[in-house]
Amino acid sequence: MNVLLREDGLQPWADKKVAPQLCIRNVVKTFDGFTAVNDVSLDIYRGEFFSLLGGSGCGKTTLLRMLAGFEFPDRGGISVDGLDLLKLQPYERPLNMMFQNYALFPHMNVAKNIAFGLRNEGLGPDEIEKRVKKSLELVQLEAFAERKPNQLSGGQRQRVALARALVKRPTVLLLDEPLSALDKKLREATQFELINIQKQVGVTFIMVTHDQDEAMAMSTRIAVMDKGRVIQVGEPREIYEYPRSRFIATFIGSINLLEGPVVDCGADGSRVDCAQWGGPVRVAQDLTALSGHHVAIGVRPEKIRLARADEFAFTADNIADGVVKEIAYLGDSMLYRVQLPSGLLVKVAAQNLGVWFSADEPVRIGFDASAGVAIDK
Amino acid sequence: MSGEPIFSNAQTRSFGRFLTVAIPYAWFITFFLAPFLIVAKISLSTAATAIPPYEPLVGWADDGALVLTLHIANYKLIFSDSVYLIAYASSLRNAAVTVIFTLLLGYPLAYFIASRSAKWRAPLLMLVMMPFWTSFLIRVYAWIGILKPNGVINSTLIWLGVIDKPLEILNNQFSVYLGMVYAYLPFMVLPLYSHLEKMDWSLLEAANDLGARPARVFREVTLPLSMPGIVAGSLLVFIPAVGEYIIPTLLGGPDTLTIGAALWNEFFSNHDWPVASTVAVALVVLLVGPLMILQRQQGTGGHP
């Protein structure tokens, strides 16, 4: 997880005294009656690696394009460092974008591609050359300055696109699915490279992605979008551990939802009467505010423990008996689906420690009160 | 059916391949290369009162020797007689002006169509091609009706009181240019459109994003990337425009002289087939240069 290093350990979005660098206020954008972005407000802080995460058509790319200036919102405001972006054309904005397909100019070599943006700034040829050289060093492509884009690999092109955008010294860099054109192995290596480069240059990064693993691994914070709205903003851990809605719970990672009314609540924990589980489910949260409401308790598969029914070897706040129905062998872990007497299939992920269960084997599963999180929407 | 896989044997397949290539070649050899060689042959002869009206190249001398007589006088003639030089110059000028104006008009049009959403492009392209639905000759005659002294333009302007005597806009160089630009515009728009449409438009956004104003984006990104389309369109217009006969004849003035008109005169007025053939051969030679540029340019797959 990517965090901003501060001496007090407090992240800027938690510090009321820090003003956000980029403010998006109630932005609405419609295309032919289709609302692509619906009343979105976000505060993004200097030095953040902020991700807009969502499926296709959720509005994340439209929002990014409005920041770059390729689309103008119907309503709302966008400002960077107090500068009203909506008064500026794309070529006047202090933001730069790295395009999904990189959009390198095919008729220019790498050095000319990178110099393109500098030639608008009234810099002398020596200064331009110096800055191009420095940015080629930053992305380790010094030897490729004379190559044309079609003579580069996908990873090299990606780095040229990054260098071309960063050489302009933008206050905010926008990245549209920066890793989607790379193969899996290269993608993982590039994730860390991007984070390192961002720390080096200290520029705020705003990334659009549909890949939750990518967003989790790289971001300081994530805004999850669906149908044009931002439905949750938070640090990766916050979003994973405390999803605010069923959509987010199921969109980010895998989760079991145990449904029922809140029956008993207090500061030391609450109970939800879940018929499917076969009894009350205890959670550590104080659900007084939701007393009597129907909620779902979300439990991540890796937080559920599993043992043979006859050699029960753990204690847990919530325990149920079931039968192993489905097994997926993933190498580093095993994924089981355990059927409870009510018929509910519970997903359980077990680290591969050499203990394997077979189909139709009776097992006992359990999880602690702290592992469950109530989701009421 | 026995379920046995059916393999076409290699011989039938290669014969089929031979045939698909041979037919168009046979077509071109029979209807282009052979006639051209005949024309080239006639150009090396001299006119005669005979049928056909030229001296044979091969004949028997008195002593029984087989004699091949090649006259190059016709070539000397067309390079020395100012009539032909003027005809070539004016044909080249007509073609060049046509290329320039079809490019100036066609580029924005092609750009406009290519930048529309997919659903608008087909109908807009259809509009560009619509003139082809009417006979070329009728369209040229229609221009006469529009441009003549009591035509649509003049009578409207007089009725509006803008002018009090008709403008002389027919049967001069202006009407020739107008007619040619009109007739050749689609040949410029279509190749330009196909190259602009293939262009990656995110490149323009990228240039814009990197701080380039629209004029610089056009100059440094759009224009260089559409250069293959400009070359293709220009040649597609230039090559037939050099040999254009109908438009200058119908819309031009009495002094309008083109290669096409020179050819017509030699063939039908002077019955001098050899000179006419020489004019035709020289025209082909003149056009081989641009054609080779086109070949080269297409050979490089669109990237200059």
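Any residue in the stretch B:137-155 that is under 13 Å from B:Met180 (Cα atoms) sitting within a Cβ distance under 6 Å of a residue that is open to solvent by 80 Å² or more (accessible area, probe 1.4 Å)? List the pairs, counting only those 6 or more apart or interchain.
From the stretch B:137-155, no pairs qualify.
One residue is enough: does the stretch A:203-212 have a residue meeting the conditions closer than 29 Å to A:Met66 by Cβ and in a helix (DSSP H, G or I)?
yes
If a residue has to be assigned to a loop (DSSP other than H, G, I, E, B), within 17 Å of the chain's Cα centre (by Cα) and either of a type in the set (A, V, I, L, M) or surrounded by fewer than 19 Cβ atoms within 10 Å (Cβ to Cβ) (or both) to count, how many in the stretch A:167-202 make the cut?
Here the count works out to 2.
Against the definition (in contact with a strand residue (DSSP E or B) (Cβ under 9 Å, 6 or more places away or on another chain), within 14 Å of chain B (Cβ to nearest Cβ) and not hydroxyl-bearing (Ser, Thr, Tyr)), how does A:Arg46 come out, yes or no?
no
Find the residue count for the stretch A:212-261, including only residues that are open to solvent by less than 30 Å² (accessible area, probe 1.4 Å), under 11 Å from the mean Cα position of the chain (by Cα) and over 30 Å from A:Asn318 (Cα atoms).
The qualifying residues number 10.
Does B:Tyr182 satisfy the condition of being of a type outside the set (A, V, I, L, M, F, W, C), open to solvent by 70 Å² or more (accessible area, probe 1.4 Å) and within 29 Å of the chain's Cα centre (by Cα)?
Criteria met by B:Tyr182.
Need pairs with beta-carbon distance below 6 Å; first residue more than 13 Å from chain A (Cβ to nearest Cβ) and in contact (Cβ under 8 Å) with a residue 40 or more places away in the chain and within the stretch B:211-235, second assigned to a helix (DSSP H, G or I) and open to solvent by 40 Å² or more (accessible area, probe 1.4 Å); sequence gap 6+ or separate chains.
So the pair list comes out as B:Gly229/B:His195.
So which residues in the stretch A:110-132 are away from chain B (no Cβ under 13 Å) and out of contact with any helix residue (DSSP H, G or I) (no Cβ under 7 Å at 6 or more places or on another chain), if there are any at all?
A:Gly124, A:Pro125, A:Asp126, A:Glu127, A:Glu129, A:Lys130
When you go through A:Ile327, A:Ile319 one by one, which is the residue that is assigned to a strand (DSSP E or B), surrounded by fewer than 20 Cβ atoms within 10 Å (Cβ to Cβ), more than 30 Å from the chain's Cα centre (by Cα) and not polar (S, T, N, Q)?
The match here is A:Ile319.
Could you count how many residues in the stretch A:73-91 are within 14 Å of another protein chain (Cβ to nearest Cβ) and either free of Cβ contacts under 8 Å to residues at least 24 places away in the same chain or of a type in the set (Gly, Ala, Ser) (or both)?
Of the residues in that region, 4 qualify.
Do the conditions hold for A:Leu162, that is, is it within 14 Å of chain B (Cβ to nearest Cβ), within 22 Å of the chain's Cα centre (by Cα) and open to solvent by less than 10 Å² (accessible area, probe 1.4 Å)?
Here the answer is yes, as A:Leu162 does meet what is asked.
For the structure I just gave you, tell me whether A:Thr209 is touching a Ser or Thr at 6+ places or on another chain (Cβ under 7 Å), closer than 21 Å to A:Leu52 by Cβ and either open to solvent by 50 Å² or more (accessible area, probe 1.4 Å) or modelled with pLDDT of 90 or more (or both).
Criteria met by A:Thr209.
When you check A:Asp32 against the structure, is it away from chain B (no Cβ under 14 Å) and either open to solvent by 40 Å² or more (accessible area, probe 1.4 Å) or acidic (Asp, Glu) (or both), yes or no?
When the stated conditions are applied, A:Asp32 does not pass them.
To keep it simple, each residue is scored yes or no on (1) touching a Phe, Trp or Tyr at 6+ places or on another chain (Cβ under 9 Å); (2) of a type in the set (D, E, K, R); (3) in the same structural domain as A:Ser180 (by TED's automatic domain parsing).
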position: A:Leu22; (1), (2), (3): yes, no, yes
position: A:Phe31; (1), (2), (3): no, no, yes
position: A:Ala36; (1), (2), (3): no, no, yes
position: A:Asp43; (1), (2), (3): yes, yes, yes
position: A:Leu53; (1), (2), (3): yes, no, yes
position: A:Ile78; (1), (2), (3): no, no, yes
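Could you say which residue among A:Arg282, A:Arg271 is in contact with an Asp or Glu (Cβ under 7 Å, 6 or more places away or on another chain), in the same structural domain as A:Ala320 (by TED's automatic domain parsing), in contact (Cβ under 8 Å) with a residue 60 or more places away in the chain and open to solvent by 60 Å² or more (accessible area, probe 1.4 Å)?
Residue meeting the stated conditions: A:Arg282.
Given the criteria open to solvent by 10 Å² or more (accessible area, probe 1.4 Å), modelled with pLDDT under 95 and at positive phi, does A:Gly47 qualify?
Criteria met by A:Gly47.
Could you list all residues from the stretch A:92-109 that are in contact (Cβ under 8 Å) with a residue 60 or more places away in the chain, more than 7 Å from chain B (Cβ to nearest Cβ) and surrounded by fewer than 16 Cβ atoms within 10 Å (Cβ to Cβ)?
Hit for the stretch A:92-109 is A:Pro94, nothing else.
The values are calculated or read from the model by the stated rules, or taken from the named source; none is laboratory data. What you see is a predicted model; the values in this text were computed from it and never measured. Methodologically, a virtual Cβ is constructed for each residue, glycine included, from the backbone with ideal geometry; neighbour enumeration extends over all protein chains shown. Each accessible area value is taken on the protein alone, full model and side chains, heavy atoms only, with ligands, DNA and RNA left out. Shrake-Rupley method; radii C 1.70, N 1.55, O 1.52, S 1.80 Å.
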